[in-house]
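Q: Have a look at this one.
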Amino acid sequence: MKRFPAWSLFLACMFAPALALAVDLQGPSVWIPAAVSDRGRDIDNLYMHIMYIVIAIFVITQGLLLYSIIAFRAKPGRKATFTHGSTGVEVILAVVPAIILLYITVASVNLWKLVRLKQPDDHPVRIQVMAEQFSWNFRQAGPDAVFGTPDDVISAGEVAVPVDRNVVFYISSKDVIHSFFLPESRVKQDVVPGLLGRVWTKWNVIPVWDLASQKRVLLTLAEYEAAPVAVSGYKLNSEPNPVKKWYQFSDSARINYLRYHYDRDPEAKLLVLQNGKPVKVPPQYVLHYFEIACSQLCGNLHFAMRGTVRVLPPDQYEAWLKAQQPDDYLQSKWTGIWDKFHPEYDRAL
Amino acid sequence: MSDAAEHHVTLSPAFHKDRRAMRLLGIWLFLGSEVMFFTAFFGAYIVARSAAPVSVVMPLEKLWGALNTVVLITSSLTMALAVLYSKKGDRDRTGRYLALTFLLACCFLVVKAIEYTHHFQDGNFPSHDIFFGFYFLLTGFHGLHVLGGMITLGILWWRNRRGDFNKDYNDPIEIAGLYWHFVDLVWIFLFPALYLL
Amino acid sequence: MTQQDHSSEHSDAVLYAEIFGLLVALTVLTVTLSYVNVGAAIGLPQFGRTANIVAGLLVAACKCSLVLWVFMHMNHENGTNRFVLFFAVCLMGVFFIGTSLDFEWLGTYTHGFARAALGL
Amino acid sequence: MSAETVNAVVDLIHPEPTSFFRKYVWSYDHKVVAKQYLWTSLLFMTLGGSLAMLLRWQIAYPNQPVPFWGMLLKGHFVFDASGAISPDGYLQLTTMHGLIMVFFVIIPLIVSAFGNFLIPLHIGARDVAFPVLNALSYWLYLPAGLLMIASFFMVKGAGEAGWTGYPPLSDVAGAVAPVWGMNLVLIALFLAGFSSILGGINFLTTVIRMRAPGMTWSRLPLTTWAQFITAIFQVLATPMLAAAGAMLFFDRVFHTSFFLPHGLVIGQSEPVNTGGGYPLLWQHIFWFYAHPAVYILILPSMGFASDILAAFSRKPVFGYRAMVISLVAIMGLGFVVWGHHMFVSGLNPIMGMAFMVSTVFIALPSGVKVFNWMGTLWGGAIRLEPPMLYAISFVSMFIIGGLSGIFMAASPVDIYIHDTYFIIAHFHYVVFGATLFAVFAATTYWFPKMFGRMMNRKLCYLHWGLTFLFFNMAFFPMHFLGEAGHMRRLMTSTGYEFLNPMAPWNEFITLSAFALGLSQIVFTYNFIYSVFFGDPAPANPWESATLEWTVPATVPHYNFKVIPTVYRGPHEYSSPEAAPADWIAQNAPPKGAAH
Ligand code: HEA
Ligand code: HEA
Ligand code: CUA
Ligand SMILES: [Cu+2]
């Protein structure tokens, strides 16, 4: 039999993924966007634990495969050992994975309980979310803390939350199944019409845009206070339902629109805050946001069902709430659809 | 077409015995898959039913349902008898009971048709509410099974008359019997589920 | 397989007729049951119609086993064929339990409106 | 050897057909039905693969006109007026790609084509138990496939709610554009499901009742064992899909509301359906079917790999019993893990836990299989013929795909990676990486028996190298996309800032996918050329021990002139009994036995 150098190719190919994995080993930061909530970090942690286990199994199994191909190639005179197996080996090879799997199960069950069964403790911020093809609608109870009253704060496409507080989202859909996905918080919950879902999370960083490096950076509240940040000068909520419009933009225009949101309103006055006081220095940062994605197929514009969350220091958050002036159209969605759906819940909340 | 007729070979009794075992296994597997088919419907119905208050009373005429239950049970009896006599090689009685089963199946469908007419006259179309959705789904698919059974019965009756079956070879009747009893079984659960509970 | 030697055609036919009688009787029973409040009748009024549902399904299960056992000859069926049915019924149970448990939980989410909306 | 009673049924014969119609169209011969399935499903694979190529183009080069096809079909099918893929078109592409690949390529290919061809030959029978049903099952499958294609020609196009078809999207009028496109898909799935059930009944009966004398359960080739277990899935799970499809069809056509809750508002208008149903009900029914279905997609391949690895390592399969037990365990567990697709649907958290545990532990029997394959290689005298190379790649790729399944089985992690490209990576590793490599292995291995000719070895090696390379290049980076949170079924990720860094990966994946697609031309050419002009094959080119290799290269109509008697297990390679040869056929009488 002519010797075919297949194994060399095999080697090259098989270890390409292994190499890529090794890069990944350096930590979640390489591909995974940094987690911004405690639960998110827990999930990343579990993820990395499984990753280490899996990489070990991967390397061992693929290595042995490769070794077998090379070491046990047929050559003249070589005879295969005749065996039907070995119960001892098989038992070991079943018990060891079983132990590993048990470890994974226990770790997962514990975290799952935390994620799914633990209740938010302090008085959380409550936000109703109504998904529709293809946008996110938000409602907060306003000063009277009761939903369904005229002082409700209604917004679409964008919502603001205070930093360092638990936020509970009550989610429902008016049409098809969507999925409420906060990538950086590692929160994902399908939004099923007819059901009221609930997820909660807590942001402990504030996203800002670093004007020097043109990157988003995450600041703790203390860091934020210490730095000069431009907090106004652009509309925080300029487009109630920007989604359909993106699609009409050309590609580059769309990206510009998203990246440099705040540049669109050059005349607006720039308010730069440092340590809570207005300062007259060029800002180092501009307030930025996290993205909300829809991760369940919900129709042709599913890809464009994007929303944003602004995580703000408490005073800014209050200011944001005051600044929202929904139009009749937005208002009608809540009175016309949600209030018909969930009358009981409004009272229960 | 029996294997013997089609292939012009003489088949040993051992062949018939094995062939019968295969056919029985085949039909039981088919019935197993039918069980799973109705499992989905019943599972869905259970979910819907248990979300409704238990005090809800079903909007159907119990007596029509009861009548149909008796009709189907009777047809099960006649079918069992047809199988029994076909095994004895009694062609006349087999034919008679097959015909009776067929007629009872007709009866069942006629009653169902009367009921459907009433529903339609009352405006209770499948889209009327979730209950009638399930009602028409379940009885509709059950009805289709009855119809399929009737076609089979008709063919068997004709083949029996032609003399295809004898003491050694009567598997098709037995298999059709199993199928027919299964159709009866489905109704036995449908009746209380839809009419009574 | 020697179960085939039936004693006589007569006794089989009689057996079938008896089963038939039982089935009809059970049918009469379910229909009657549906007119009474079973819970109250057996001294557990708090269960009310729930008891009716249980009773109705029990009767149906009895009828089902009669048909299966006698008309469908499960009594002299071989192990393989019995297993097929048994396995399917087990899967049915798995599915019913799985979905019911989930929807019971979801029911706590849906708060009344879904129930009222059932339109029954 | 225990004296088995001679089973009369193995004598079953039907006369060799003489007319073209009975020979090639409505044929009862399992070998012909198998070839019908083989050709049809390979044809569908070119279609399913082409759809994947189109959707990859859109992901890498959003909204740019598709070269050639876009110009040609501008404004038709999935293309918009500029020749780029339209948003609706994109969803039709993924949906139909998924459905066609699962229901019209892989299942017919590995189950119906190879199962039909191999089961009777493996167990020493002249045909399957119910040849008429067999023919019927093919002739249900073909129209179903044609309906799938026809759905592209309907007004507003084919189905576009994803292969999982979650209602209300797939259900209520106005949520997606197509109307009859979707209905046709449902009818097609119903037919294909029925065809698959008939096939399953046939296989189960055949294996249980028609084994040749001496072919005990512990002597069945593992391919047949795997097909047997698969058939159980087919018979008992597929009806659920049919039922779910029927309910969805009722909802769509008769406006019932099984899956529609009250008070839906689609855009500004309320649907005619009165509501009162439950969208999650569909997911339960669908996954109760579809999880077993994904095991339908892998189990036969595991069987192929087991037999092929043994044959080319010249060793018996390591731990035959464990192999069988793990198959059964996978089947048992496979029925109770369906909820792992619903971790973020709002599932009861306690159930979530139960589903997580059962899912994680399905890795155990899978691991037993992997280790036993490695044990089979260990100490062998490995002949790296093309089937062997493909089979080893199967093991290698299955490990990767299976290990990524562990991440998702850990439900907290699944919260993050659910519905991202991590899932896409996972299942392409198992369905393409594992299953298709096993299909390539099986095709090259059994080709001599099917067509009486050999495939070209050099082209096989070339195809293997290209496919292995480009497959990994195309699908491995999808794990990174998934880690970055890249959602699936996303026509373009350009709208999301957090996905912008992944754009280069998307382009890389697309280019690799194109290369992967093109590499398949090598295989297609080799396949078709060899069917007609390949070198004539000897009866047993690989010196294998199972029964199919004891019949002449061109298998006669009745398979076996005399029904063989089986004396030993399927992989008695290098057995001392065989010396000086290193293999001994299952039906070779033991030395010293009178015959
Ligand atoms: C051939 C098909 C196939 C196979 C074999 C598998 C195998 C597995 N799958 Fe996969 N799966 C799919 C096809 C398949 N899957 C498809 C198509 C989807 C997506 C459907 C959709 O949404 O569109 C999916 C989705 C899917 C999900 C849902 C993800 C989501 O949507 O969020 C999950 C979650 O648990 C999952 C888990 C698993 C597991 C645990 C296995 C296990 O069986 C794997 C076991 C194997 C191994 C683990 C490797 C070998 C073992 C060892 C080497 C032993 C040592 C290992 C350890 C100790 C860990 N799969
Ligand atoms: C089951 C098998 C299967 C197979 C084999 C494939 C193969 C491929 N898939 Fe598959 N894919 C799915 C099943 C499969 N897929 C499913 C179920 C989904 C989910 C759908 C959904 O979300 O609803 C999906 C989704 C999916 C997506 C995600 C879409 C999205 O979410 O937006 C992508 C993206 O890259 C993709 C790409 C590919 C590519 C590039 C291939 C390539 O490997 C294809 C290469 C093959 C060819 C080009 C054909 C070659 C032809 C032959 C070998 C035939 C030879 C012919 C003769 C001898 C006559 N697929
Ligand atoms: Cu909403 Cu996707
Ligand atoms: Cu699964």
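Q: Using only the Cα atoms of segment D:554-595, what do you get for the radius of gyration and for Dmax, in Å?
A: In Å, with Rg to one decimal and Dmax whole: 12.1, 35.
Q: Average partner chain C-beta neighbours within 10 Å, per residue of A:179-186?
A: Counting Cβ atoms of other protein chains within 10 Å of each residue's Cβ and averaging gives 4.
Q: Further question: What are the semi-axes of the equivalent ellipsoid for segment D:276-322, taken as the square roots of 5 times the Cα gyration tensor eigenvalues, largest first, in whole Å?
A: Values: eigenvalues 309, 17, 3 Å².
Over the Cα atoms of segment D:276-322, the ellipsoid semi-axes are 39, 9, 4 Å.
Q: Given charges of +1 on the Cβ of Lys and Arg and -1 on the Cβ of Asp and Glu, with all other atoms neutral, how large is the dipole of chain D about its Cα centre, in debye to the nearest 20? Intermediate values should be presented prior to the final figure.
A: Values: 26 positive and 24 negative charges, 240 e Å.
Roughly 1160 debye for chain D.
Q: More than 24 Å apart: what percent of Cα pairs in segment D:73-219 qualify? Spell out each step's value before the answer.
A: Values: 4743 of 10731 pairs.
Within segment D:73-219, distances greater than 24 Å cover 44 percent of Cα pairs.
Q: Using only the Cα atoms of segment D:344-456, what do you get for the radius of gyration and for Dmax, in Å?
A: 17.8, 56
Q: Binning every alpha carbon pair distance of segment D:271-412 at 10 Å from zero, what are the percents per bin?
A: Over segment D:271-412, the share of Cα pairs per 10 Å bin runs 11, 36, 27, 16, 7, 3, 1 percent.
Q: What are the lysines whose alpha-carbon lies under 22 Å from the alpha-carbon of B:LYS62, with same-chain residues fewer than 8 places away excluded?
A: B:LYS112, C:LYS63
Q: Still on this model: Evaluate 2.2 N^0.38 Å with N set to the residue count of segment D:329-370, then give the Cα radius of gyration divided by it.
A: For segment D:329-370, the normalised Cα radius of gyration is 1.20.
Q: Residues of segment C:55-80 with backbone nitrogen within less than 18 Å of a virtual label 7 Å along the Cα-to-Cβ line of C:ALA40, please, listed as ranges.
A: C:55-56
Q: What is the angle, in °, between the Cα long axis of helix D:114-123 and the longest principal axis of the Cα atoms in chain D? Nearest 10 is fine, range 0 to 90.
A: 30 degrees
Q: Hey, with R₀ at 41 Å, roughly what FRET efficiency would D:HIS76 and D:VAL272 work out to, going by the Cβ-Cβ distance, to 0.05?
A: Step by step, r from the Cβ atoms, then E = 0.85.
Q: When only Cα pairs under 8 Å and 6 or more residues apart are kept, what is the percent relative contact order across chain D?
A: 15 percent
Q: P(r) tail for segment D:213-272, what percent of Cα pairs lie past 12 Å?
A: Counting pairs separated by more than 12 Å, the tail of P(r) holds 76 percent.
Q: Along its principal axes, what span do the Cα atoms of segment D:57-106 show, with the longest given first and each in whole Å?
A: 33, 20, 18
Q: What lysines sit close enough to B:LYS167 to cross-link, taking a C-alpha to C-alpha distance under 29 Å and skipping anything fewer than 8 places away on the same chain?
A: B:LYS17, B:LYS87, B:LYS88
Q: On to the next question. For a distance above 17 Å, tell me the whole-number percent of Cα pairs in segment A:96-203 that qualify. Spell out each step's value before the answer.
A: Values: 3521 of 5778 pairs.
When all Cα pairs of segment A:96-203 are counted, 61 percent exceed 17 Å.
Q: Below 12 angstrom from the Cβ of A:GLY85, what's the summed charge of the other residues (Lys, Arg +1; Asp, Glu -1)?
A: Around A:GLY85, the charge tally is +1.
Q: While we're here: Using just the C-alpha positions of segment D:103-158 as equal point scatterers, what log10 of I(q)/I(0) does the Debye formula give at each q in 0.21, 0.30 1/Å?
A: Normalising to I(0) and taking log10 leaves -0.83, -1.17.
Q: Can you pull the three principal axis extents for the Cα set of segment D:419-475, in Å, largest first?
A: Result, largest extent first: 45, 19, 9 Å.
Q: Turning to a different aspect of this structure: Using bins 10 angstrom wide from zero, how does P(r) for chain D break down, in % of all Cα pairs?
A: 3, 17, 27, 27, 16, 7, 2, 0, 0
Q: What span do the alpha-carbon atoms of segment D:167-303 cover on each of the three principal axes, reported in whole Å from largest to smallest?
A: 69, 22, 21
Q: Please report Rg (one decimal) and Dmax (integer) in Å for the Cα set of the protein assembly as shown.
A: Calculated on Cα positions, Rg and Dmax stand at 32.4, 110 Å.
Q: For segment D:14-140, take N as its residue count and report Rg(C-alpha) divided by 2.2 N^0.38 Å.
A: Dividing the Cα radius of gyration by 2.2 N^0.38 Å gives 1.42.
Q: How shielded is D:360-370 by partner chains, expressed as the average number of their Cβ atoms within 10 Å of its Cβ atoms?
A: 4
Q: Give me Rg over Rh for chain B, both radii from the alpha carbons and Rh done the Kirkwood way, two decimal places.
A: Value, to two decimals: 1.06.
Q: Can you spot the lysines whose alpha carbon is less than 25 Å from A:LYS277's alpha carbon? Ignore those fewer than 8 places along the same chain.
A: A:LYS215, A:LYS235, A:LYS269, A:LYS322
Q: Nearest 500 deg cm²/dmol is fine: what mean residue ellipticity at 222 nm does chain B get from its DSSP H runs of n ≥ 4 alone, each adding -39,500 (n - 2.57), divided by its residue count?
A: Numbers: 6 runs with 156 residues, N = 197.
Per the formula, -28000 deg cm²/dmol.
Q: OK, next. Roughly what angle does helix D:437-451 make with the longest principal axis of chain D, taking Cα atoms, 0 to 90 degrees, to the nearest 10?
A: Once rounded, one gets 50 degrees.
Q: What distance in nm separates the two pseudo spin-label positions at D:LEU511 and D:TYR525, each 7 Å out from Cα along the beta-carbon direction?
A: 2.3 nm
Q: Hey, another quick one. Once Lys and Arg get +1 and Asp and Glu get -1 on their Cβ, which of C:ALA60, D:VAL431, D:ALA242 lies farthest toward the positive end of the dipole of the protein assembly as shown?
A: Result: D:VAL431, furthest along the dipole toward the positive end.
Q: Angle, helix D:131-151 long axis vs. longest principal axis of chain D, Cα atoms, 0 to 90°, nearest 10?
A: With both axes taken from Cα atoms, the answer is about 30 degrees.
Q: Taking other Cβ within 10 Å of each residue's Cβ, how do D:THR18, D:THR216, D:THR444, B:THR78 sort, fewest first?
A: D:THR18, D:THR216, B:THR78, D:THR444
Values in this text are rule-based calculations from the coordinates and carry no lab data. In this text, all values refer to a predicted model and were calculated from it rather than measured experimentally. Every residue, glycine among them, receives a Cβ derived from its backbone with ideal geometry; neighbour counts consider all protein chains shown.
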